[in-house]
1. Would you indicate which of [x] 23; [y] 18; [z] 11 is the value of percent of Cα pairs over 38 Å apart derived from the coordinates of this structure?
2. In nm, to one decimal, how far is the ARG79 label point from the SER219 one, both placed 7 Å along Cα→Cβ?
3. Taking the simple approach of a point 7 Å from Cα along Cα-to-Cβ for both LYS104 and GLU40, what is their distance in nm?
4. From the backbone phi of the range 307-313, what are the Karplus-calculated ³J(HN,Hα) couplings (6.51 cos²θ - 1.76 cosθ + 1.60, θ = phi - 60°) in whole Hz, Gly and Pro given as x?
5. Given H placed 1.01 Å from N in the peptide plane, which residues other than close sequence neighbours of MET163 have an amide H under 5 Å from its amide H?
6. With a Förster radius of 30 Å, plug the Cβ-Cβ distance of SER86 and LEU154 into 1/(1 + (r/R0)^6) and report the FRET value to the nearest 0.05.
7. Using the Karplus curve 6.51 cos²θ - 1.76 cosθ + 1.60 with θ = phi - 60°, what ³J(HN,Hα) values do you get for each residue of the range 154-160, in whole Hz, with x for Gly and Pro?
8. Roughly how many Å² is the accessible area per residue of the chain, as a whole number, for a 1.4 Å probe?
Amino acid sequence: MLVDGYGRTARDLRVSLTDRCNLRCTYCMPAEGLQWQPVEQTLTDDEMARVIKVAVERLGVTRIRFTGGEPLLRPGLERIVAAAASLTPRPELALTTNGLGLDKRVDALAAAGLDRVNISLDSLDRERYARLARRDRLPDVLKGIEAAHRAGLLPVKVNAVIMRGVNEPDIVPLAQFCLERGYELRFIEQMPLGPKGEWDREAMVTAEEILGALQERFSLSAAEEPRGAAPAQLWRVAADATQPGGRVGVIASVTHPFCGDCDRTRVTSDGQVRTCLFSRTETDLRAILRGGGSDEDLVAAWTGAHRAKPRAHGIDDVDFVQPDRTMSAIGG
């Protein structure tokens with residue numbers, strides 16, 4: 001098992017399949033993009049499958065989320081999903097995506113064994129979306145969301161990062177959009193994982209502010225089910241004459257961190273174990289894979305790294321330093 005020095009057990013694995021992305025979202029990367037890692041440094045499909053197999057069969061991982069960059073840019077995505085779905089015990093398999101091109105691949109992904117998706121959607125206003133993503137692709141994202149729902153990847157979850165003075169007007173429309181269609185919306189506080197020096201905590205829209213905006217339109221009550229290690233605090237939305245009920249979630253990673261219940265471990269697309277999203281240290285599995293190492297060697301390296309997992313991400317510490325890797329290079 002992946003047990004750290006504070007008694008937390010990691011059962012949730014985030015696997016980044018690529019650092020590349022076909023959007024240039026303002027909170028994630030500069031307009032010109034980033035320096036992508038050379039292809040030869042990225043784990044092959046077989047290497048990815050081996051790492052996942054060790055995680056599930058040897059280390060007790062029960063949930064896997066494929067991330068990026070944009071994981072749909074990985075040509076072997078369906079093959080990797082199918083390899084993970086064939087394991088015993090079978091892990092739950094999810095995908096976090098910007099939705100571009102999802103409508104063309106969703107049936108193959110479902111057939112491969114994908115269980116559900118999270119799709120990023122920061123605005124329903126086409127012009128505002130284009131400014132945020134630096135690409136005019138809102139209609140394509142909406143097609144991807146609809147296709148995932150039709151394919152039965154339920155519940156379809158929608159992720160939205162709210163930024164002050166940018167897309168605050170979208171809070172209520174996004175909630176209405178998701179409630180009307182049976183999607184589950186997750187609002188996410190902006191985190192310091194984009195271009196260096198551009199994150200300003202004072203400019204961040206907090207969970208309390210998001211909830212305040214929602215309560216001006218909806219009747220909310222805290223969800224009864226225990227949150228456990230889930231990042232989102234869930235709220236039930238009461239139905240009324242014009243609006244169906246449902247649930248929305250708020251991920252307050254900055255103002256109300258959930259580090260004490262964290263059950264995650266991460267592997268980057270170039271085979272580095274990260275025990276925390278904000279970690280400044282990594283453990284190299286790629287060198288073991290390509291150096292002829294055994295599964296026992298992978299287990300030893302991974303468990304050793306996890307024992308040193310920090311107590312918390314430390315954003316509020318006076319000596320906090322943003323990771324050198326941005327979100328696209330780490331994996332969400």
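1. [z]
2. 5.4
3. Placing both labels 7 Å beyond Cα along the Cβ direction yields 3.0 nm.
4. Coupling constants for the range 307-313: 4, 8, 4, x, 5, 7, 6 Hz.
5. Here the answer is GLU168, since their amide H atoms fall under 5 Å of that of MET163.
6. 0.85
7. For the range 154-160, the Karplus-derived couplings read 10, x, 5, 10, 10, 9, 9 Hz, x marking Gly and Pro.
8. On the way: 13930 Å² over 332 residues.
Result: 42 Å² of accessible area for each residue.
The values are calculated or read from the model by the stated rules, or taken from the named source; none is laboratory data. Values in this document were obtained by computation on a predicted structure and should not be read as measured data. Cβ coordinates were reconstructed from backbone atoms using ideal geometry, including for glycine residues, and neighbour counts include every protein chain displayed. For accessibility, only protein heavy atoms count, side chains too; no ligands or nucleic acids. Shrake-Rupley method; radii C 1.70, N 1.55, O 1.52, S 1.80 Å.
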